[in-house]
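Notes follow the structure.
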Amino acid sequence: MPVSELLAALPVKTIVGAPPSSVSSVTDDSRRVEPGSCFVALPGLRQDARRFVPDAVRRGATLIVTEGEALSTVAVAQVLVPSARESLARLADAYYGHPSRALLLVGITGTNGKTTTSYLVEALLRARGLATGVIGTIQYVLGAERRPARQTTPDALELQSMLALMRDRAIRGVAMEVSSHALALSRVDALAFDVAVFTNLTQDHLDFHGTLGEYRRAKRRLFELLARSPKPRRTAVINGDDPSGGAMVDGLGLSVLTFGLREGTQVRAVDYASTVEGLRMTADTPAGRLALTSPLIGEHNVMNLLGAVATGLALGLEPAAIGGALATVGAVPGRRGLRPHPRRPRARADHGAQADRETVGRGLRLRRRPRSREAPDHGRHRRPSRGPRLGDLRQPALGAAGGDHRRDHRRRARGRRRPRPVCGRARPLPGDPRRAALGRSR
């Protein structure tokens, strides 16, 4: 690729030395450098990639992109930038030919509900007649191809490579989970989004972000990227019931669709019921009333469905088409659902982010109480070596709901498990004079 086209993607830069006319590849891993590569030295969380620049040059790198001062020991051209991570996202986008501009791209962020919403959005994109892809926690779907997901949102180079492959395979609609890590680390900075969805915000990933405020700012980054997207129709879909919903879009000048259960939201459930067959819901929307039936179970999926309905409206679908598309989405891989059983439904474990257990529990306490695959709390007889009880792992945000859930398990478990009887005295060893006395006593 011509270096002039590649470097045009960087608005702020300082070039040291004479750059080559072209590069053969772009990479941030010195072990993957080949002759003619452009190596981007990222400031790592544990170590600085600038220390690997000499190795990259020995392997054939002809252009180095880095932060800070120029490296005096490097003989090839260097490009100094304010942020190497943001620059990598821009360079990857340019190198693969700006693939997101040719796609209908829906980004979904939030603590809970991203994965389920991504599969609901994929069904909506199919309803528009598009071949679809999904990028998220469970797997990466590139049309008929399935790839295991190593992380919710891939690194910039891998992400742009997959989007370019989708474009070349005539895939035109993509539903993508956008994690807070990806937003904070600038992995998606160069993407052109059409719709951005905010599901909710609870305490999570504070080990990475530090504070809830930083976590919230990372989520808002998706809507800042939507605001600067070159797409003609851009819409933010916001959970109007979440206290952080307004902070996602304040001052960005975006077209906004809100969803929720409260009065004042634009897409609102006026009636819903959860049964073993799924959810039945009636929702008021700006395009009219929508009656929806879904195989998904649990009241937590009411909000996921409402967010998908609002996204369908943002994509230009009619309410009838939205209802028909969402009715086809059954249990999402790795998410809570029901397994067939001859006598009673059984819950399948949810491997996603920890949801509000009281909400999930109400949705699953249907006609009969299903047997959960989550381990119950066995109370005071639990061996300490097995680690903390399930009830002790709940987040503070669960409050009394988590405590009630734990006590329910304890009441059901108590009485089924008894401590083993302990003998009062150990038998004497051979040679002990008391052994003979023990034999005479018998």
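Table for the structure above
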{"read-out": "Filter result (among the charged types (D, E, K, R) and farther than 12 Å from GLY136 by Cα) within the stretch 146-167", "value": "ASP155, GLU158, ARG167"}
{"read-out": "The stretch 22-51: number of residues that are closer than 12 Å to ALA84 by Cβ and of a type in the set (Gly, Ala, Ser)", "value": "3"}
{"read-out": "Only listed residue being assigned by TED's automatic domain parsing to the domain that holds THR116, in a strand (DSSP E or B) and in contact (Cβ under 8 Å) with a residue 24 or more places away in the chain, chosen from MET281, MET303", "value": "MET281"}
{"read-out": "ARG101 being surrounded by fewer than 19 Cβ atoms within 10 Å (Cβ to Cβ) and in a loop (DSSP other than H, G, I, E, B)", "value": "no"}
{"read-out": "Residue among THR153, THR111, THR115, THR137 that alone is assigned by TED's automatic domain parsing to the domain that holds SER244, assigned to a helix (DSSP H, G or I) and within 9 Å of the chain's Cα centre (by Cα)", "value": "THR115"}
{"read-out": "Residue list for the stretch 252-294, restricted to those being within 22 Å of the chain's Cα centre (by Cα) and of a type outside the set (Val, Ile, Thr)", "value": "LEU257, PHE259, GLY260"}
{"read-out": "Residue in the stretch 11-48 that is nearest to PHE208 (Cα to Cα), counting only those that are crowded, with 19+ Cβ neighbours inside 10 Å and among the aliphatic types (A, V, I, L, M)", "value": "LEU42"}
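Residues are listed down the side, and each one gets a yes or a no for (1) surrounded by 15 or more Cβ atoms within 10 Å (Cβ to Cβ); (2) among the aromatic types (Phe, Trp, Tyr); (3) at positive phi:
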| position | (1), (2), (3) |
| --- | --- |
| ARG233 | no, no, no |
| GLY240 | yes, no, no |
| GLY251 | no, no, yes |
| ARG262 | no, no, no |
| ALA273 | no, no, no |
| MET281 | yes, no, no |
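The values are calculated or read from the model by the stated rules, or taken from the named source; none is laboratory data. These figures come from a predicted structure and were not determined experimentally. No Cβ is skipped: glycine too gets one built from the backbone with ideal geometry, and neighbour counts run over all protein chains shown.
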